[in-house]
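This report refers to the structure that appears directly beneath it.
Just so it is clear, none of the values below were taken in a lab; they were calculated from the coordinates. Given the structure is predicted, the values throughout are model-derived calculations rather than measurements. Cβ placement follows ideal geometry from the backbone for every residue including glycine, while neighbour counts extend to all protein chains displayed.
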Amino acid sequence: MSDHRDSEEIRARPIGFWRDVQSVSSRAVRLLPRDLAMLLPALVVPVFFYAVTIGALQVLAADVADGLDYKAFQMPVALLTTVTGLSRAPSLVMDIQGGYFYRLLLSPLNRWALLLGMLVADVVVFIGLSVPVLAFGVGVGVRFSTGFAGALVLTLLTALWGLMFTGFPYAIALRTGNPTAVNNSFLLFFPFVFLTPAWLPREAMTGWLSAVATWNPVTHILEGMRTLFVDWDGLAMLKTLAAILGVGLVSQALAFSALSKRARR
């Protein structure tokens, strides 16, 4: 009788790909409070520069583009700056250096789940940081003609961009195991953001800068996100999604390739 009761109470733990992803992601989320020193600047710095930019350039932008709501115009820049380059890659480097990553490789855990679980935690961070930045914008006067649905779509697009960009720091982390190299991965974003109509409309750009901005994927991301403050634009949304997914295809391919090479060592 006792043996029968014990057999009912002690059961095998569920296994499978999604269970592995859940295990890795739950651990990554639990460790987030340890990284507050990294998360707080990621929130404060974009809000600070957003406030400074609209204070310094709002009058100039109104002269260049009549009727431009510069507070709304700058909000997508602040959101993208908040989430770009932010990831669990520094924690992954710590796991590699401490040997925990290799212990996971020796377990039956699915290899792809090692990275996918961290990506799930990244999405939690991106949404968690985007909401207060957007709330600050609303507090200083930003309004959505598309209503709450527009704000929700903007938040999801921000999180999706952050997720797609994370492939770069993860690829660097898995290939180098070097925390300095991972922290410098944010520098990859500078050519993306500075060669775009981040501060003035594309119509105000001239010469080679205008040509480069036309082919820069972040240009189409920013312009699509900006339409959400005015009206729904299906074509702009398609361009935005295509640009985000195009960058993600490259970055995530690099990350999963680096994971495979690290696992084979």
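A few comments on the model shown:
- Rough spin-label spacing in nm, given labels placed 7 Å along Cα→Cβ, for Leu32 and Leu57: 3.0 nm
- The charge dipole of the stretch 18-264, taken about its Cα centre with unit charges on the Cβ atoms of Lys, Arg (+1), Asp and Glu (-1) only, comes to about 1160 debye.
- On the beta carbon distance between Gln97 and Leu40, with R0 = 22 Å, the FRET formula returns roughly 0.35.
- For Leu31, neighbours were defined as the other residues whose beta-carbon sits under 11 Å from its Cβ, and their charges (Lys and Arg +1, Asp and Glu -1) total +2.
- The stretch 18-264: relative contact order in percent, alpha carbon pairs under 8 Å with at least 6 residues between: 25 percent
- You can think of it this way: the chain between Leu188 and Arg143 has 13.1 nm of extra reach, that is 0.36 nm per residue less the Cα-Cα gap.
- Computed per residue of the chain from DSSP H runs no shorter than four, each worth -39500 (n - 2.57), the mean residue ellipticity at 222 nm is -24500 deg cm²/dmol.
- Ordered by the number of other Cβ atoms lying within 10 Å of each residue's own Cβ, fewest first, Asp20, Asp122, Asp231 fall into the sequence Asp231, Asp20, Asp122.
- Projecting the Cα atoms of Val218, Pro169, Thr240 onto the charge dipole of the stretch 18-264 (Cβ charges, centred on the Cα centre) puts Pro169 farthest toward the positive pole.
- Helical segments meeting 15 Å axial Cα length and Kyte-Doolittle 1.6 threshold in the chain (DSSP H): 36-64, 111-139, 147-165
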